[in-house]
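Trainee: Here it is, the structure in full.
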């Protein structure tokens with residue numbers, strides 16, 4: 001809308017602040033997405049839970065981009081940058097393995113302990129961002145201190161909460177060791193997964209296009225893992241039929257994951273993986289809230305343990321604030337452009353087009369049709385699938401605090417919607 005005569009135009013949200021908002025919104029979505037994995041404590045196979053979640057992810061990753069940008073836009077974006085398809089497939093395969101490992105971790109050590117362990121991915125991603133994409137190069141000691149110190153604070157705070165609740169871990173010492181190993185390996189894989197993310201975005205690809213290819217590798221990898229470890233397709237189908245009352249919750253978790261992951265990818269685009277991943281790892285605070293308030297994981301915890309949890313949470317918040325203030329200076333952004341020019345030279349891309357994409361401009365949208373009839377049909381089928389699954393969903397056979405579930409769910413939805421409004425106004429989801 002045009003400004004009135006004589007009035008100044010409304011100031012635009014800076015891309016750094018937008019990236020920070022997206023990173024924090026990612027934390028809310030990713031934290032809520034892990035809640036349904038608690039169903040592993042009811043005896044469901046970790047592979048079955050991972051498959052159920054990824055099926056929901058697959059449905060959401062197809063429908064959300066079409067609703068927001070249109071199918072023609074996505075295909076045009078992919079045709080412009082076909083070399084990134086293989087990177088999207090690789091990222092999806094890594095994600096699928098890491099997500100399956102998190103289910104094992106939650107089964108063996110609980111959600112509140114597993115979360116901080118796999119969130120070491122922030123330090124892994126920070127290293128890859130510096131090494132491969134020239135992030136934090138020529139940034140100065142102050143920016144290094146904010147980013148590295150903030151990421152470390154988030155990990156340290158998370159470890160404090162893990163230590164405070166270590167005695168809450170279910171199962172034997174051996175199973176706890178396996179759960180810790182699974183969570184740490186998931187963190188290593190997720191930190192490495194952001195290499196394809198950043199490569200895509202300094203090449204000008206829209207995150208909505210990237211995830212459309214990404215999801216095929218997710219579903220295919222998890223389907224193979226589930227079929228192999230469940231004894232074949234027939235036993236897997238029988239297990240899915242038996243788990244039918246829980247499938248809605250797994251699909252819902254997958255949908256929340258897609259929303260959180262999309263914000264995480266926009267954060268990686270606009271502030272880099274060194275800043276974006278630690279900010280999205282505030283999902284630890286959300287996971288802490290879900291674990292403690294909804295599932296009662298801290299029941300019986302003493303005063304010392306509660307003090308450690310509060311201290312760890314405050315340290316994580318301080319780390320997130322430090323990173324949010326670490327805006328890349330002009331000298332560092334020049335290094336980012338050097339990484340972008342490297343991609344242009346390697347794949348024959350247009351530097352001017354990439355520069356506009358990295359500034360939130362949507363050059364591609366003007367030349368493509370936005371909606372087709374089949375897109376509405378696909379979106380309607382996705383909604384119908386969720387309604388059908390909800391028709392035979394049952395309350396999980398685990399202790400759940402209903403009021404806290406509704407409150408946390410409402411707050412998460414509010415954060416996601418408001419952040420989406422800001423992202424749309426500033427970049428039109430570019």
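The values are calculated or read from the model by the stated rules, or taken from the named source; none is laboratory data. Here the structure is a predicted model, which is why all the values come from computation and not from measurement. Here the Cβ is made from the backbone with ideal geometry for all residues, glycine too, and neighbour counts use every protein chain on show.
Trainee: Looking only at segment 406-427, decide whether some residue is assigned to a loop (DSSP other than H, G, I, E, B) and either more than 30 Å from residue 149 (Cβ to Cβ) or touching a residue at least 40 places away in the same chain (Cβ under 8 Å) (or both).
Mentor: The first filter runs over segment 406-427 and keeps only residues assigned to a loop (DSSP other than H, G, I, E, B), leaving none.
No, that holds for no residue.
Trainee: Further question on the same structure: Test residue 430 against the criterion of being at negative phi, modelled with pLDDT under 90 and buried (at least 18 other Cβ atoms within 10 Å of the Cβ), and give yes or no. Before the answer, list the steps.
Mentor: Numbers: at negative phi: yes; modelled with pLDDT under 90: yes; buried (at least 18 other Cβ atoms within 10 Å of the Cβ): yes.
Criteria met by residue 430.
Trainee: Out of 342, 306, I need the residue that is part of a helix (DSSP H, G or I), surrounded by fewer than 18 Cβ atoms within 10 Å (Cβ to Cβ), without any contact (Cβ under 8 Å) to a residue 12 or more places away in the chain and out of contact with any strand residue (DSSP E or B) (no Cβ under 8 Å at 6 or more places or on another chain). Which one? I'd like the intermediate steps shown before the answer.
Mentor: Working: 306 fails: without any contact (Cβ under 8 Å) to a residue 12 or more places away in the chain.
Exactly one of 342, 306 is part of a helix (DSSP H, G or I), surrounded by fewer than 18 Cβ atoms within 10 Å (Cβ to Cβ), without any contact (Cβ under 8 Å) to a residue 12 or more places away in the chain and out of contact with any strand residue (DSSP E or B) (no Cβ under 8 Å at 6 or more places or on another chain), namely 342.
Trainee: Pick from segment 290-303 the residues that are surrounded by 20 or more Cβ atoms within 10 Å (Cβ to Cβ) and modelled with pLDDT of 85 or more: which of them is nearest to residue 399 (Cα to Cα)?
Mentor: The selected residue is 295.
Trainee: May I pose another question? Among the numbered criteria (1) within 26 Å of the chain's Cα centre (by Cα); (2) assigned to a helix (DSSP H, G or I), which single criterion is violated by residue 334?
Mentor: Just one mismatch for residue 334, condition (1).
Trainee: Filtering segment 106-128 down to residues that are surrounded by 23 or more Cβ atoms within 10 Å (Cβ to Cβ) and modelled with pLDDT of 85 or more, which residue is nearest to the chain's Cα centre (by Cα)? It would help to see each step written out before you state the result.
Mentor: Let us first name the residues in segment 106-128 that are surrounded by 23 or more Cβ atoms within 10 Å (Cβ to Cβ), namely 106-119, 121-122, 125-126.
When the remaining residues are screened for being modelled with pLDDT of 85 or more, the result is 121, 125-126.
On the way: 121: 12, 125: 13, 126: 16 Å.
The qualifying residue nearest to the chain's Cα centre (by Cα) is 121.
Trainee: With the structure loaded, tell me whether residue 180 is at pLDDT below 80, in a helix (DSSP H, G or I) and either over 17 Å from residue 23 (Cβ atoms) or touching a helix residue (DSSP H, G or I) at 6+ places or on another chain (Cβ under 7 Å) (or both) or whether it fails that test.
Mentor: Details: at pLDDT below 80: no; in a helix (DSSP H, G or I): yes; either over 17 Å from residue 23 (Cβ atoms) or touching a helix residue (DSSP H, G or I) at 6+ places or on another chain (Cβ under 7 Å) (or both): yes.
Taking the combined requirement at face value, the residue does not satisfy it.
Trainee: Somewhere in segment 22-32, is a residue under 27 Å from residue 419 (Cβ atoms), at pLDDT below 85 and surrounded by fewer than 24 Cβ atoms within 10 Å (Cβ to Cβ)?
Mentor: Within segment 22-32, the subset under 27 Å from residue 419 (Cβ atoms) is 22-32.
Among the residues that remain, those that are also at pLDDT below 85 are: none.
No, every residue in segment 22-32 fails to be under 27 Å from residue 419 (Cβ atoms), at pLDDT below 85 and surrounded by fewer than 24 Cβ atoms within 10 Å (Cβ to Cβ).
Trainee: Take the residues of segment 134-152 that are in a helix (DSSP H, G or I) and over 20 Å from the mean Cα position of the chain (by Cα): which is nearest to residue 186 (Cα to Cα)? Talk me through it step by step, then tell me what you get.
Mentor: Taking segment 134-152 first, the residues in a helix (DSSP H, G or I) are 141-152.
After this cut, where a residue has to be over 20 Å from the mean Cα position of the chain (by Cα) as well, the list is 141-146, 148-149.
Values: 141: 31, 142: 31, 143: 28, 144: 26, 145: 26, 146: 25, 148: 21, 149: 22 Å.
So, considering only residues that are in a helix (DSSP H, G or I) and over 20 Å from the mean Cα position of the chain (by Cα), the one nearest to residue 186 (Cα to Cα) is 148.
Trainee: Okay, next question. Sort out which residues of segment 345-383 are assigned to a loop (DSSP other than H, G, I, E, B) and at pLDDT 85 or above, and write them in order of number. Let's see the steps before the verdict.
Mentor: Start the filter on segment 345-383 by keeping residues that are assigned to a loop (DSSP other than H, G, I, E, B), which leaves 348-350, 359-363, 368-372.
Matches in segment 345-383: 348, 349, 350.
Trainee: Okay, moving on. Can you find a residue in segment 11-18 that is within 27 Å of residue 293 (Cα to Cα), at pLDDT 80 or above and in a helix (DSSP H, G or I)? Walk me through how you get there before you give the answer.
Mentor: Filtering segment 11-18 for residues within 27 Å of residue 293 (Cα to Cα) gives none.
No, segment 11-18 contains no residue that is within 27 Å of residue 293 (Cα to Cα), at pLDDT 80 or above and in a helix (DSSP H, G or I).
Trainee: Might you let me know whether segment 280-303 holds any residue that is without any contact (Cβ under 8 Å) to a residue 60 or more places away in the chain and outside any loop (DSSP other than H, G, I, E, B)?
Mentor: yes
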